[in-house]
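Here's the structure, in structure tokens; my notes come after.
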Amino acid sequence: MLNLIFNNNAPLKIIAGPCQIESYDHAMEMAEIIADICHEAGIRWVYKSSFDKANRSSIDSSRGIGIEQGLKILEKIKQEYTVPILTDIHSPAQANTVAEVVDIIQVPAFLCRQTDIIVAAAKTGLHVNVKKGQFLSYNDVANIKNKYPKNKNFLITERGTTFGYNNLVVDMRGIHAMKEHYPVIMDGTHSVQQPGGMGKSSGGDRQFVDPLCRSAVAIGIAGVFLEVHNNPESAPSDGPNMLTPDAFRQLIVKLKILDSTVKQKL
């Protein structure tokens with residue numbers, strides 16, 4: 001069971017890891033790096049990574065290591081670092097298998113209205129982190145958790161809204177409004193993505209990760225989602241918007257201070 005409390009009034013949590021599981025060695029290396037940084041910063045965290053990137057721009061793009069090998073690696077990280085695990089599913093049939101290992105099941109943004117996936121994830125009893133679709137109004141998100149109200153552990157993640165072609169913007173009004181229904185997570189790295197912006201893959205502009213995350217945390221939210229890679233330029237997916245370990249360290253230190261300030265009892 002998840003031993004973290006995701007609440008908009010509780011201390012900020014960090015969800016972090018590389019976009020996809022590239023190999024056993026790389027996943028373990030990134031887990032160690034992120035664990036050390038979060039321990040040093042005094043902030044509780046969840047390791048995230050995907051075993052399959054099923055929504056790539058091109059058939060030629062890397063999809064990941066696969067569910068069987070991926071879950072074995074995630075289970076090893078969970079045991080080695082005593083850290084909760086988050087990964088995403090792409091079909092209802094994957095929910096129970098993934099639930100044997102992870103603590104949080106994530107529903108990708110493109111699938112946030114797929115009722116069968118939402119219900120299958122929720123029926124596991126685990127926390128369910130739903131990425132708000134780039135096409136979805138923040139006024140519509142309550143409908144998601146109402147598809148399976150028995151599960152009281154839904155999270156909603158802001159990851160930007162489509163603004164023309166190959167571009168996303170973050171409407172900060174939505175973060176405030178969604179707090180009425182969910183613990184809110186700010187996805188700082190996918191929010192600066194430029195979907196399909198590089199032809200056969202997505203681009204991004206990581207310089208905006210810091211200001212967007214600081215703006216969201218200033219509203220008072222439950223957590224921040226950040227993809228981290230030791231060499232983003234060589235990453236098989238989402239390299240242009242992932243953070244280096246040093247940038248990740250600098251950002252979460254600032255976010256912790258800001259979060260504490262916002263949530264202190266005045």
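Every number in this text was worked out from the coordinates using simple rules, so none of it is lab data. What you are looking at is a predicted structure, and each value in this text was computed from that prediction instead of being measured. Note: ideal-geometry Cβ built from the backbone for every residue, glycine included; neighbour counts use all protein chains shown.
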Exercise. Using a/c under 1.5 as the rounded threshold, could you call the chain rounded, prolate or oblate? The axes a ≥ b ≥ c are square roots of the C-alpha gyration tensor eigenvalues, and prolate needs a/b larger than b/c, oblate otherwise.
Key: rounded
Quiz prompt | Highest-first arrangement of 169-175, 46-52, 3-9, where packing means the average Cβ count within 10 Å | solution = 46-52, 169-175, 3-9
Quiz item: What are the residues whose amide H is under 5 Å from the amide H of Leu243, where those residues sit 5 or more places off or on another chain and H is modelled from the backbone?
Solution: Glu227, Val228, His229
Exercise. Only helical DSSP H runs with n ≥ 4 go in: add -39500 (n - 2.57) per run for the chain, normalise by residue count and round the 222 nm mean residue ellipticity to 500 deg cm²/dmol.
Key: -9500 deg cm²/dmol
Quiz prompt | the chain, relative contact order [Cα under 8 Å, separation at least 6], % | solution = 21
Quiz item: Once you put a point 7 Å from the Cα of Glu68 and another 7 Å from the Cα of Gln250, both along the Cβ direction, what distance in nm separates them?
Solution: 4.4
Quiz item: Ranking Asp246, Asp116 by Cβ neighbours within 10 Å, fewest first, what do you get?
Solution: Asp246, Asp116
Practice problem: Mind sorting His229, His26 by how few other Cβ atoms lie within 10 Å of their own Cβ, fewest first? | Solution: His26, His229
Exercise. With θ set to phi - 60°, apply the Karplus curve 6.51 cos²θ - 1.76 cosθ + 1.60 along the range 257-264 and write out the HN-Hα couplings as whole Hz, x wherever there is a Gly or Pro.
Key: 4, 5, 4, 4, 5, 5, 9, 5
